[in-house]
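Before any comments, here is the structure.
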């Protein structure tokens, strides 16, 4: 199934430029096919949710989009915002310096947060120091701004707090703040609410919406890509929904169609999404 990019009301007429283009993507591991010819177009300013059962290939797909894996066949092209007109470039053809340059335009919130050892300030400062060569006084201002944006304290005491002393919900919000510090044009969330309590999950859901919409209202284009099992998150965002099944794009369209589908592949997955959302694995067989 396929459909136009309908997130936030975008349709075929006057579509924004392409941000990510995936064509014929194949990848196997030890003779087992993880991706079997994925084709997917993500347009600028869209909110796209990628869903699917465990082992369907969505994490491998995300790793290819991030340039962390090289396809066996096919290609992933992304917009290069440092060039006039932001032309599409093939990630697999880029060297490490070129890929690092692309990554400065992106933010990633990993499933397990991937916070570094050290303080809250250290986590926000790392990329600003290494990539943008900023000084501590400049970073401190940015740190306070992004912490305020994710409803975390921004005083010196919290900035000096060791990240291991944060609750799960606070750590997730810090991971979002760290991603926002670089003012990314594309932000990726890998199962951002999995395993969180309902209150923390709702806070993160609000963050995902606000960091997308407020960036747009400020006159910038931000594309949001989310790997998720979270029905509540989908209900609040109403994103374009892409379901990966057995290494292929099985569904691509509005959430409303996904929710109503009677497909023997979609319906069982839809019913077990709350179990997967809690971080539980289903028994074999």
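Please treat every number below as a calculation from the coordinates, not as lab data. Keep in mind it's a predicted model, so treat the numbers as computed, not measured. Don't worry about glycine lacking a Cβ; one is built from the backbone with ideal geometry, like all the others, and counts go over all protein chains shown.
Taking 0.36 nm per residue of separation and subtracting the current Cα-Cα distance, fully stretching the chain between residue 26 and residue 104 would add 25.4 nm. When the inverse distances between all different Cα atoms of the range 116-183 are averaged and flipped, the Kirkwood radius reads 11.6 angstrom. Across all directions, the shadow cast by the convex hull of the chain built on its C-alpha atoms averages 15.7 square nanometres. Computed over the chain with a Gaussian network model linking Cα atoms closer than 10 Å, the most mobile of 30, 112, 45 is 30. Rounded to the nearest 10 degrees, the inclination of helix 168-180 to the longest alpha-carbon principal axis of the chain is 90 degrees. If the chain linking residue 132 and residue 145 were pulled fully straight, counting 0.36 nm for each residue of separation and taking away their Cα-Cα distance, it would gain 3.0 nm. Distance between the modelled labels on residue 63 and residue 197, one decimal in nanometres: 3.3 nm (7 Å Cα→Cβ projection).
Across the chain, C-alpha contacts under 8 Å between residues 6 or more apart give a mean separation that, scaled by the residue count, equals a relative contact order of 25 percent. Placing a label point 7 Å from the Cα of residue 112 along the Cα-to-Cβ direction, the residues of the range 159-188 whose backbone N falls under 18 Å of that point are 163-176. Any chance you could give the angle, 0 to 90 degrees and rounded to 10, that helix 198-217 forms with the longest Cα principal axis of the chain? Result, in degrees: 90.
Working from Cα pairs under 8 Å separated by at least six residues, relative contact order for the range 116-183 is 44 percent. What is the range 235-278 by shape, rounded, prolate or oblate, if you read a ≥ b ≥ c off the alpha carbon gyration tensor as root eigenvalues and call it rounded for a/c under 1.5, prolate for a/b larger than b/c, and oblate otherwise? Here the range 235-278 falls in the rounded category.
Take the Cα of residue 92, go 7 Å toward its beta carbon, and the backbone nitrogen atoms of the range 27-69 under 17 Å from that spot belong to 27-41, 60-69. Computed from Cα positions, the angle between helix 120-130 and the longest principal axis of the chain comes to roughly 80 degrees. Panel note: the C-alpha atoms of the range 94-207, placed on their principal axes, show extents of 41, 31, 23 Å (largest first).
Extension gain for the segment residue 214 to residue 83, taken as residue separation times 0.36 nm less the Cα-Cα distance, is 44.7 nm to one decimal.
Measuring between their Cα centroids, the range 177-234 and the range 251-271 lie 23 Å from each other. In terms of its C-alpha gyration tensor, the range 1-155 comes out prolate, because a/c is 1.5 or above and the ratio a/b outweighs b/c. Quick one: among 267, 36, 44, which has the greatest mean-square fluctuation in a GNM of the chain with alpha-carbon springs under 10 angstrom? The residue with the greatest mean-square fluctuation here is 267.
Estimated from helices alone, the mean residue ellipticity of the chain at 222 nm is -10500 deg cm²/dmol (sum of -39500 (n - 2.57) over DSSP H runs with n ≥ 4, per residue).
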